[in-house]
Amino acid sequence: MKRLLFFFALLLVATATFATGQTSDVIYIGGMRWQLLGRPIYSDSKLFRELIAVLPKHRSRSTANWDGFTSFWSIRQNALCLDSIQYQLYDNATRKSWTECVPAETLQRVFKKYSNGTTIVASWLTEDIRVGKGERLYYLHQLFDRFYEEEQIISIDHGKVSDVKTFHNYVVDGFSFDNIKNAAELREKLPLHIERYPELSGAKRIIFQISKVRVDSTGHLLDCKVKVYLPKGVDKLAEEMEEAMKAYYPWRVMFINGKYRAFGIEGLIPYRLDSRE
């Protein structure tokens with residue numbers, strides 16, 4: 001199936017060159033460590049620029065951490081507080097790396113507008129933040145597109161916590177395009193009457209575009225939108241693929257933050273017609 005999805009992967013690379021997965025900030029809530037799936041400092045561009053200016057230019061950076069720092073936060077007295085910022089350095093001669101913190105006095109100077117002298121409160125921030133811990137249920141190599149067994153959506157209003165929603169996420173096992181073994185299995189699960197379409201004579205592959213998928217809690221596919229991405233002009237085949245998808249059961253379903261969602265089903269899906277796997 002890896003070869004089957006190779007073309008799909010190339011298309012994704014062309015449209016998502018910079019959309020790599022990013023390391024999370026860290027937040028402590030009630031003494032428990034959570035992943036903060038976002039970067040609150042990004043919400044104030046001026047503040048972000050002032051922070052970058054005091055960080056060592058030779059700090060380690062990577063595609064998983066574009067800016068080369070990780071912020072540590074906590075919820076204290078119903079406020080989102082910035083506790084520290086860390087970065088990594090690397091010595092080429094010794095080939096050793098180590099972690100350092102932005103000095104407290106430097107942090108206070110950069111965030112002086114939001115500090116009472118000891119505590120920095122993220123009062124520049126008015127938006128929801130998402131935090132997670134436990135088993136990672138789903139990962140997409142793009143920014144913070146991943147989901148955990150336990151998550152909270154915390155509403156922040158000028159640095160103060162105004163609401164908290166807690167979710168216990170889980171997976172209902174079933175079929176999805178990203179866990180299929182080979183092209184023959186795909187044809188078996190979603191059989192299509194290719195012989196009805198003379199325009200596909202000699203074709204080796206069809207690329208379907210699947211979107212707007214809705215599933216229920218038991219793994220039934222309730223609705224979806226299917227287009228034939230390549231080759232063009234085979235619209236009736238899209239309708240047949242949609243019916244085949246609705247007829248199949250069960251699909252993999254994830255209960256994520258109060259909603260049933262289908263991951264690994266939407267996107268550009270290659271459907272091989274020859275015997276190659």
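The values are calculated or read from the model by the stated rules, or taken from the named source; none is laboratory data. Every value quoted in this text rests on a predicted model; they were computed, and no experiment measured them. With ideal geometry, Cβ positions are generated from the backbone for all residues, glycine too; neighbour counts draw on all protein chains shown.
Tabulated results
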quantity	calculated
Checking ALA93 against (1) among the aliphatic types (A, V, I, L, M); (2) free of Cβ contacts under 8 Å to residues at least 60 places away in the same chain; (3) outside any loop (DSSP other than H, G, I, E, B), the condition it does not meet	(3)
TRP98 being aromatic (Phe, Trp, Tyr) and surrounded by fewer than 16 Cβ atoms within 10 Å (Cβ to Cβ)	yes
Count of residues meeting criterion [in a strand (DSSP E or B) and among the charged types (D, E, K, R)] in the stretch 96-126	2
In the stretch 202-224, residue modelled with the lowest pLDDT [restricted to those that are assigned to a loop (DSSP other than H, G, I, E, B) and either on the phi > 0 side of the Ramachandran plot or buried (at least 19 other Cβ atoms within 10 Å of the Cβ) (or both)]	GLY202
Verdict on LYS189 being at pLDDT 95 or above, assigned by TED's automatic domain parsing to the domain that holds TYR248 and either surrounded by 15 or more Cβ atoms within 10 Å (Cβ to Cβ) or closer than 30 Å to ASP235 by Cβ (or both)	yes
Enumeration of residues in the stretch 139-166 that are in a strand (DSSP E or B) and surrounded by fewer than 16 Cβ atoms within 10 Å (Cβ to Cβ)	TYR139, LEU143, GLU149, GLU150, ILE153, SER155, ASP157, SER162, ASP163, VAL164, LYS165, THR166
The stretch 167-207 - residue that is among the polar types (S, T, N, Q) and in contact (Cβ under 8 Å) with a residue 12 or more places away in the chain and, of those, farthest from LYS227 (Cα to Cα)	ASN169
Residues within the stretch 105-151 that are touching a residue at least 24 places away in the same chain (Cβ under 8 Å), in contact with a helix residue (DSSP H, G or I) (Cβ under 7 Å, 6 or more places away or on another chain) and of a type in the set (Gly, Ala, Ser), tallied	2
Among (1) under 24 Å from VAL253 (Cβ atoms); (2) modelled with pLDDT of 95 or more; (3) not aliphatic (A, V, I, L, M); (4) not assigned by TED's automatic domain parsing to the domain that holds CYS224, the one test that PHE144 misses	(2)
Where a residue in the stretch 39-58 is over 10 Å from VAL110 (Cα atoms) and its partner, wherever it lies, is assigned to a helix (DSSP H, G or I), with Cβ under 8 Å and at least six apart	ILE41/LEU47; ILE41/PHE48; ILE41/LEU51; TYR42/PHE48
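Residue-by-condition table, conditions (1) closer than 28 Å to HIS168 by Cα; (2) surrounded by fewer than 17 Cβ atoms within 10 Å (Cβ to Cβ); (3) touching a helix residue (DSSP H, G or I) at 6+ places or on another chain (Cβ under 9 Å); (4) in the same structural domain as LYS133 (by TED's automatic domain parsing):
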site: PRO231; (1), (2), (3), (4): no, yes, yes, no
site: VAL234; (1), (2), (3), (4): no, no, yes, no
site: MET241; (1), (2), (3), (4): no, no, no, no
site: ALA244; (1), (2), (3), (4): no, yes, yes, no
site: ALA247; (1), (2), (3), (4): no, yes, no, no
site: MET254; (1), (2), (3), (4): yes, no, no, no
